[in-house]
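The structure is given below, and queries will be raised subsequently.
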Amino acid sequence: MSGTPLIKAVLKTVPYRVELSDDQGHAWAADEPLEAGGGNAGPTPENLVLASLGACTAITVKMVAARKQWPLDEVRVELQLNPAGKPDSGNDIVRRIELLGTLDDDQRAQLLKIANACPMHKLLSGEIRIHSELR
């Protein structure tokens with residue numbers, strides 16, 4: 001991640017549809033499913049968090065493998081939030097990583113270690129403070 005990202009979220013008249021944009025010119029939407037009163041026009045906020053972790057995991061692993069010139073052809077990441085139900089405290093993310101290529105066991109183990117050190121993994125598993133203010 002370069003610099004300090006700025007994300008804007010705007011909810012207007014369509015129930016639960018949030019227009020998202022960043023300072024790099026990207027635009028996307030978040031929404032709630034139909035059964036929750038939304039229009040299902042985009043991923044839920046929870047899915048966006050999981051997607052961030054999945055993207056960061058895949059990118060970080062691929063970058064390291066490329067730098068080391070390891071034969072990693074493809075990275076697949078599957079994530080679930082609280083698949084066994086909401087725990088009494090905290091939340092559980094289950095992340096399954098599939099590494100496709102002719103990697104040896106040591107390379108695979110090192111890439112798993114790298115996945116656990118990706119920036120989003122560190123962010124989500126560390127202490128987070130959120131400071132809110134009205135404008």
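The values are calculated or read from the model by the stated rules, or taken from the named source; none is laboratory data. Being a predicted model, the structure only gives us computed values, none of them experimental. Ideal geometry is used to build each Cβ from the backbone, glycine not excepted, and the neighbour counts take in all protein chains shown.
Residue-wise test of (1) basic (K, R); (2) under 17 Å from N47 (Cα atoms).
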| site | (1), (2) |
| --- | --- |
| K68 | yes, no |
| R96 | yes, yes |
| D105 | no, no |
| Q110 | no, no |
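Looking at region 97-117, which of the residues that are touching a Leu at 6+ places or on another chain (Cβ under 8 Å) and within 18 Å of C56 (Cα to Cα) is surrounded by the most Cβ atoms within 10 Å (Cβ to Cβ)?
Residue satisfying both the conditions and the ranking: L111.
May I ask you to verify whether A51 is under 20 Å from N82 (Cα atoms) and assigned by TED's automatic domain parsing to the domain that holds E78? Don't jump to the end; show me each part of the working.
Details: under 20 Å from N82 (Cα atoms): yes; assigned by TED's automatic domain parsing to the domain that holds E78: yes.
Spelling it out, A51 is indeed under 20 Å from N82 (Cα atoms) and assigned by TED's automatic domain parsing to the domain that holds E78.
Next question. Please specify each residue of region 63-94 satisfying the condition of being under 19 Å from D105 (Cβ atoms) and of a type outside the set (G, A, S). Break it down stepwise before answering.
Going residue by residue through region 63-94, those that are under 19 Å from D105 (Cβ atoms) are 64-65, 68-76.
Passing the criteria: V64, K68, Q69, W70, P71, L72, D73, E74, V75, R76.
Among the residues of region 93-112, how many are outside any helix (DSSP H, G or I) and not β-branched (V, I, T)?
From region 93-112, those outside any helix (DSSP H, G or I) are 93-104; that's our starting set.
Next cut, not β-branched (V, I, T) only: 95-96, 98-101, 103-104.
Of the residues in region 93-112, 8 are outside any helix (DSSP H, G or I) and not β-branched (V, I, T).
Just to confirm my filter: which strands (runs of 3 or more DSSP E) fall fully inside region 1-92 and include at least 2 residues that are surrounded by 13 or more Cβ atoms within 10 Å (Cβ to Cβ)? Reasoning before the result, please.
On the way: elements: 7-11, 18-22, 27-30, 72-81.
Strands (runs of 3 or more DSSP E) meeting the threshold: 18-22, 27-30, 72-81.
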